[in-house]
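Below is one structure, written out as structure tokens, with a few remarks after it.
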Amino acid sequence: MFIDPDALRAIIARARRDRPKETCGLLVGKADHILEAVETANAADDPTRHYEIRPEDYFAQIKRCRTVSERSGERYAVLGAYHSHPNGAPDPSPTDLAQAFEDFVHVIAGPAAGGAGMEVRAYRLVDGNFQPVPLVPVAEEGSP
């Protein structure tokens with residue numbers, strides 16, 4: 001999965017900013033290229049331990065992608081979601097697994113080993129289990 005470097009930087013900056021709460025948002029792009037990390041409010045009852053993206057935020061991005069697709073002639077879509085683990089590695093938790101669904105890329109940011117910076121990892125749900133997906137930073141012109 002390719003990711004625009006600005007989108008990757010935004011995920012890391014938001015994870016740092018929102019700590020000790022989990023940050024979250026949606027990933028917008030084309031095919032296998034994440035072009036934007038669109039921030040959403042964390043609607044979870046306990047945002048220090050969980051994240052929840054409101055359905056209306058998700059539907060708003062779907063609508064936006066349809067509009068941009070019609071104007072550009074290219075197919076933009078919500079490719080996935082991101083969130084942070086403020087105090088743990090960017091590995092999927094049991095809660096992440098319970099809430100995940102296939103056809104989405106799940107990006108998680110968390111403190112890097114040794115506490116030096118943030119690490120970002122991507123996963124897809126395949127047959128009920130998360131499979132790692134390489135994230136390759138590559139810029140592309142024509143972001144929505």
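Structure summary
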quantity: Rel. contact order, % - alpha carbon contacts under 8 angstrom, at least six apart, the chain; calculated: 26
quantity: Gaussian network model of the chain, springs between alpha carbon atoms under 10 Å - residue of Gly117, Gly88, Gly29 with greatest fluctuation; calculated: Gly117
quantity: Under Karplus coefficients 6.51, -1.76 and 1.60, residue-wise ³J(HN,Hα) of the range 128-139 in Hz, glycine/proline x; calculated: x, 10, 6, 10, x, 10, x, 9, 10, x, 8, 7
quantity: Long-range HN-HN contacts of Arg49 with modeled amide H, under 5 Å; calculated: Glu22
quantity: The chain: calculated mean residue ellipticity at 222 nm from DSSP helix runs of at least 4, using -39500 (n - 2.57); calculated: -8500 deg cm²/dmol
quantity: GNM result for the chain, Cα springs below 10 Å: residue of Glu70, Glu22, Glu119 fluctuating most strongly; calculated: Glu70
quantity: Most mobile of Glu56, Glu39, Glu74 in a GNM of the chain (Cα contacts under 10 Å); calculated: Glu56
quantity: Sorted largest first, extent of the range 2-137 alpha carbons per principal axis (Å); calculated: 45, 33, 32
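Since every read-out is calculated from the coordinates, none of them should be taken as a lab result. In this text, all values refer to a predicted model and were calculated from it rather than measured experimentally.
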